[in-house]
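> This is the structure, below, for whatever I ask next.
The values are calculated or read from the model by the stated rules, or taken from the named source; none is laboratory data. In this text the structure is predicted, and so the values were computed from the model without any measurement. Here the Cβ positions follow ideal geometry from the backbone for every residue, glycine too, while neighbour counts run over all protein chains shown.
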Amino acid sequence: MDLAVQQFISTLSKQRNSSIHTLGAYRTDLTQLMRFLRQTGITTWERVSTEDIAAFVDDLRQRNYAATSVARKIAALKSFFHYLAENGVVTVDVTGTVGAPRLEKQAPSVLEPADVDRLLAAVSAESPTGQRDLAMLHCLYSTGMRVSELVALDVVNVNLTRGDVRCHGRNQRNRTLPLSPIAQRALAQYLGGGRRALIHLEDAPALFVNHHGQRLTRQGFWLIIKHYARIAGIEKITPHTLRHSFALDMLSRGMDLRSVQELLGHRNISTTQVYAHMRRAQPVSMVSVLDDLIALGDVPDEMQGEQDDKASGRGVTSDALLRSATHI
């Protein structure tokens, strides 16, 4: 049973170019299913029936798993058994009649601008880790990138002379995102001071590192943002809260939906449309995005970041903001 799971995960990695986080989730869900089946005496996939799958799903519900978690696990099982049937490991896909729970669509968690100010004010840039944390938070709120994209950044992805950061997105869909002036300043301070104190190897590629000098993880960032949220008195926050807040801010300033989609790196605009139905409790200050972009060219020479000029990425640039500036 384990071998079939390993082969399935390998196929996902090679053929579908799935992220390491997706692969990890599939592996966890299928391992949980194997443990459940083995407790009932089933040791081969050929012996699994529709009733066994239904019993597993029912066990998840009795253990009070969230509907979103159950739906994700069912999706993993369906994909796996479809793979088994295609490759002749089983003769019938026993998950065909298993239905996922109906999910209520919830609006993304966002912060009001005043909450963002409090969150950023909770960070002290007096220490190397404080400079790192402030740069990370400003980078996220300035670009709307995913946390996984943030921690994957290398130093060469940042160009403070041009005022942008090259982000490696999902499915090799890369984006070049403009940085606000304050994000540029925070990154310049970190690159010139905090990062040098944290790294152990001069040629370490990672932009954001932990106190061991190694690349910061998503879990590490999650602990960091929760720490500052507690200081700022913010109760509801997730690793993607600043990304969601960025998207809503851009729409509130008058940016068109298609441009926001490009900045966020969404493959389908339907994913971005969830923000179009949201409203700020208070209007965002109508500071011109065009003014921000003009200011990006005012970075002093000493703030220049390292950049690999030969590297290029397919995706959005600051053109998305420029196209929308006339709407503000």
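> Restricting to the stretch 180-212, give me the number of residues that are part of a helix (DSSP H, G or I), aliphatic (A, V, I, L, M) and surrounded by fewer than 18 Cβ atoms within 10 Å (Cβ to Cβ).
The number of residues fulfilling the criteria is 2.
> Any chance the stretch 163-179 includes a residue that's surrounded by fewer than 18 Cβ atoms within 10 Å (Cβ to Cβ), part of a helix (DSSP H, G or I), under 19 Å from the mean Cα position of the chain (by Cα) and basic (Lys, Arg)?
The answer is yes; a qualifying residue exists.
> Kindly indicate the residue of the stretch 7-20 that is surrounded by fewer than 12 Cβ atoms within 10 Å (Cβ to Cβ) and assigned to a helix (DSSP H, G or I) and also modelled with the lowest pLDDT among those meeting that condition.
15
> What are the pairs with Cβ atoms under 7 angstrom where one residue, in the stretch 77-100, is under 21 Å from residue 25 (Cα atoms) and in contact (Cβ under 8 Å) with a residue 60 or more places away in the chain and the other, located anywhere, is β-branched (Val, Ile, Thr) and surrounded by 13 or more Cβ atoms within 10 Å (Cβ to Cβ)? Sequence gap at least six, or different chains.
Filtered contacts from the stretch 77-100: 83/11; 84/90.
> Residue 97: of a type in the set (Ser, Thr, Tyr), more than 18 Å from the chain's Cα centre (by Cα) and under 27 Å from residue 60 (Cβ atoms), yes or no? Steps first, please.
Details: of a type in the set (Ser, Thr, Tyr): yes; more than 18 Å from the chain's Cα centre (by Cα): yes; under 27 Å from residue 60 (Cβ atoms): yes.
Yes.
> So, one more: Which one of 150, 111 is in contact with a helix residue (DSSP H, G or I) (Cβ under 7 Å, 6 or more places away or on another chain), over 17 Å from residue 248 (Cα atoms) and buried (at least 20 other Cβ atoms within 10 Å of the Cβ)?
Testing whether each residue is in contact with a helix residue (DSSP H, G or I) (Cβ under 7 Å, 6 or more places away or on another chain), over 17 Å from residue 248 (Cα atoms) and buried (at least 20 other Cβ atoms within 10 Å of the Cβ) leaves just 150.
> Okay, moving on. Is it true that some residue in the stretch 154-161 is within 18 Å of residue 249 (Cβ to Cβ), in contact with a helix residue (DSSP H, G or I) (Cβ under 9 Å, 6 or more places away or on another chain) and modelled with pLDDT of 95 or more?
Within the stretch 154-161, not a single residue is within 18 Å of residue 249 (Cβ to Cβ), in contact with a helix residue (DSSP H, G or I) (Cβ under 9 Å, 6 or more places away or on another chain) and modelled with pLDDT of 95 or more.
> Which residue is modelled with the lowest pLDDT, if the candidates are limited to the stretch 213-270 and must be in a helix (DSSP H, G or I), over 18 Å from the mean Cα position of the chain (by Cα) and of a type in the set (Gly, Ala, Ser)?
The extreme case among them is 252.
> Just to be sure before I move on: is residue 135 crowded, with 17+ Cβ neighbours inside 10 Å, outside any helix (DSSP H, G or I), at pLDDT 90 or above and touching a helix residue (DSSP H, G or I) at 6+ places or on another chain (Cβ under 6 Å) in the structure I sent?
Here the answer is no, as residue 135 does not meet what is asked.
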